[in-house]
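S.K.: Below: one structure in structure tokens.
The values are calculated or read from the model by the stated rules, or taken from the named source; none is laboratory data. Quick caveat: nothing in here was measured; it's all calculated off a predicted structure. Quick reminder, even Gly has a Cβ in these numbers, built from the backbone with ideal geometry, and neighbours come from all protein chains shown.
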Amino acid sequence: MAWESIIGQKHLQQMLQQSILSKRLPQALLLSGSQGRGAVALAVEYAKTLNCLSAVTTNDSIASCNACQSCLQARTLQHPNITIVTALPPGRIEQMSDYKDDVIEEIKDQLAEISKDPYTPFRIGSANVIRIWQIRELNKSLSLSTLQQGRRIVIIIDAELMNTEATNAFLKTLEEPHDGVTIILTSWRPERLLPTIVSRCQELIIPPIADDEIVGELLRRGESTESEARIIAACCDGDMTVALEFIHEDVQEIRNDVITMFRSILRGRDFRLGIAESASLVAEHRDKARALTYLRFMQVWLRDARMLHITQSTMGVSNQDALDTLSKFAVAFGNANVDSALLSIDKASYDILQNVSINLTFTSLLMDLRTILAKGAASNRPSAA
Ligand SMILES: [Zn+2]
């Protein structure tokens, strides 16, 4: 890990380096954006650079040497100055050592994965909450001095996962700044943080990673073909972690299914049968993540069709390898209210996350889409259907 292995986000990298060079280090920093946009990668590299024993400096840049004792410790997230706080599994736990050995192993394994690749999906079993005992442990450790020179960095991953008790305890931590300590919160839903917490942090917003950079990274990793990488980049919302999850899906197959779905919507008399078949096709996997992937692909397909219809140009179209089919759809749905269709798909995503049945969600969505899209097709019966 080094600055150059962070995907995109050059502007943020410069800002973070500038804060080190100008010695204006924040007491608390909020990196608003998902792990997959680089929140954890940026936090770890910042911590590593601040602690490097022979950092390489120019007028406007500073980079860790990646080789000194401190860098080696930081790279494996085993640096005494770097503390990671993250959601952990539930249980009657009052300190880390209360966990059973296998849970502790799992936590260590996950941290090791993150240290190797900060874009790897971060998941520890059923972990979904940061609890007060973790903040108490943090406060205790901050009250003790470390022997190692450098700056102490606390990285709270997905800080919005602190429960109320933890949040209140953490607020006290923020109110009593410690010398030589920077607390970095990462949050992909900063609106869920207490305003009193946000106001005590210097906030940096992490924008989506550009599509081309996602494609480049997927190709560099040898994870997919260029056409697959393009589809993935279009659907991952600038989030490398989401992109990495997509590579395990058969994106071509899902895309073909999505095209079949749109066709089924526009069938004549037996459209109900087509919609029922499409809904059960998605539901049979009983996989929420896969269902959400379908929904994302549907949105990208509709956006592409609209763009093609309006601009009559294939530039900026994600589904470059399916232009023939896409242009038929562009003609078919050209005058439909695509925004309204996209909103219906958003609502379906929300329902899936709320555990509404996949079959029910897709059946109702496809019926809605039929109504919406058929209006745009009324004057122009689609040859794609
Ligand atoms: Zn170093």
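S.K.: Could you identify the single residue in Asp237, Asp179, Asp250 that is modelled with pLDDT under 90 and at positive phi? Please lay out each step first, then the result.
M.R.: On the way: Asp179 fails: at positive phi; Asp250 fails: at positive phi.
Among Asp237, Asp179, Asp250, only Asp237 is modelled with pLDDT under 90 and at positive phi.
S.K.: Among the residues of segment 23-45, which ones are part of a strand (DSSP E or B) and either surrounded by 24 or more Cβ atoms within 10 Å (Cβ to Cβ) or under 18 Å from the mean Cα position of the chain (by Cα) (or both)? First the steps, then the outcome.
M.R.: Going through segment 23-45, the residues part of a strand (DSSP E or B) turn out to be 28-32.
Hits for segment 23-45 are Leu30, Leu31, Ser32.
S.K.: Pro121 passes all but one of (1) modelled with pLDDT of 95 or more; (2) part of a loop (DSSP other than H, G, I, E, B); (3) not small (Gly, Ala, Ser); which number fails?
M.R.: Only one criterion in (1) modelled with pLDDT of 95 or more; (2) part of a loop (DSSP other than H, G, I, E, B); (3) not small (Gly, Ala, Ser) is unmet by Pro121, namely (1).
S.K.: Out of Asp304, Asp324, Asp257, I need the residue that is assigned to a helix (DSSP H, G or I), over 30 Å from the mean Cα position of the chain (by Cα) and under 20 Å from Ile231 (Cβ atoms). Which one?
M.R.: On the way: Asp304 fails: over 30 Å from the mean Cα position of the chain (by Cα); Asp257 fails: over 30 Å from the mean Cα position of the chain (by Cα).
Among Asp304, Asp324, Asp257, only Asp324 is assigned to a helix (DSSP H, G or I), over 30 Å from the mean Cα position of the chain (by Cα) and under 20 Å from Ile231 (Cβ atoms).
S.K.: Further question on the same structure: Restricting the search to segment 56-65, which residues are within 12 Å of the ligand (Cβ to nearest atom), under 24 Å from Glu213 (Cα atoms) and in a loop (DSSP other than H, G, I, E, B)?
M.R.: Ser64
S.K.: Would you be able to tell me the number of residues in segment 173-191 that are of a type in the set (A, V, I, L, M) and more than 18 Å from the chain's Cα centre (by Cα)?
M.R.: Taking segment 173-191 first, the residues of a type in the set (A, V, I, L, M) are 174, 181, 183-185.
When the remaining residues are screened for being more than 18 Å from the chain's Cα centre (by Cα), the result is 174, 181, 183.
Here the count works out to 3.
S.K.: Just give me the residues in segment 67-116 being within 16 Å of the ligand (Cβ to nearest atom), crowded, with 17+ Cβ neighbours inside 10 Å and of a type outside the set (Gly, Ala, Ser), in sequence order.
M.R.: Answer for segment 67-116, where residues must be within 16 Å of the ligand (Cβ to nearest atom), crowded, with 17+ Cβ neighbours inside 10 Å and of a type outside the set (Gly, Ala, Ser): Cys71, Gln73, Arg75, Leu77, His79, Asn81, Ile82.
S.K.: Separate question: Which ones in segment 150-169 are in contact (Cβ under 8 Å) with a residue 60 or more places away in the chain and part of a strand (DSSP E or B)? First the steps, then the outcome.
M.R.: From segment 150-169, those in contact (Cβ under 8 Å) with a residue 60 or more places away in the chain are 150-159, 161; that's our starting set.
Listed by number, the residues that qualify are Arg152, Ile153, Val154, Ile155, Ile156.
S.K.: Going residue by residue through segment 66-80, is there one that turns out to be more than 24 Å from Ser187 (Cα to Cα), at pLDDT below 95 and β-branched (Val, Ile, Thr)?
M.R.: no
S.K.: Ok, one more. From the list Val215, Val181, which residue is in contact with a Lys or Arg (Cβ under 8 Å, 6 or more places away or on another chain) and under 24 Å from His248 (Cβ atoms)?
M.R.: Checking each option against the conditions leaves just Val215.
S.K.: Determine whether segment 2-11 contains at least one residue that is in contact with a Pro (Cβ under 7 Å, 6 or more places away or on another chain) and more than 16 Å from the ligand (Cβ to nearest atom). Write out each step before concluding.
M.R.: Applying the first criterion (in contact with a Pro (Cβ under 7 Å, 6 or more places away or on another chain)) to segment 2-11 yields none.
The answer is no, given that none of the residues of segment 2-11 is in contact with a Pro (Cβ under 7 Å, 6 or more places away or on another chain) and more than 16 Å from the ligand (Cβ to nearest atom).
S.K.: Given the criteria part of a loop (DSSP other than H, G, I, E, B), hydrophobic (A, V, I, L, M, F, W, C) and under 29 Å from Val242 (Cα atoms), does Ile93 qualify? So that I can check it myself, show each step before the final result.
M.R.: Working: part of a loop (DSSP other than H, G, I, E, B): yes; hydrophobic (A, V, I, L, M, F, W, C): yes; under 29 Å from Val242 (Cα atoms): no.
So Ile93 fails the test.
S.K.: Filtering segment 45-55 down to residues that are within 9 Å of the ligand (Cβ to nearest atom) and hydrophobic (A, V, I, L, M, F, W, C), which residue is farthest from Gly150 (Cα to Cα)?
M.R.: First, the residues of segment 45-55 that are within 9 Å of the ligand (Cβ to nearest atom): 48-49, 51-55.
Filter once more, keeping what is hydrophobic (A, V, I, L, M, F, W, C): 52-53, 55.
Working: Cys52: 8, Leu53: 8, Ala55: 12 Å.
Checked segment 45-55; the qualifying residue farthest from Gly150 (Cα to Cα) is Ala55.
S.K.: Which of the residues spanning segment 97-118 are over 20 Å from Leu185 (Cβ atoms) and aliphatic (A, V, I, L, M)?
M.R.: Initially, segment 97-118 is screened for residues over 20 Å from Leu185 (Cβ atoms), giving 97-106, 108-109, 112-113, 116-117.
Those that are over 20 Å from Leu185 (Cβ atoms) and aliphatic (A, V, I, L, M): Val103, Ile104, Ala112.
S.K.: Right, next: Just checking, does segment 192-199 include any residue being more than 15 Å from the chain's Cα centre (by Cα) and not assigned by TED's automatic domain parsing to the domain that holds Ile130?
M.R.: From segment 192-199, those more than 15 Å from the chain's Cα centre (by Cα) are 192-199; that's our starting set.
If we keep only those that are not assigned by TED's automatic domain parsing to the domain that holds Ile130 as well, we get none.
Within segment 192-199, not a single residue is more than 15 Å from the chain's Cα centre (by Cα) and not assigned by TED's automatic domain parsing to the domain that holds Ile130.
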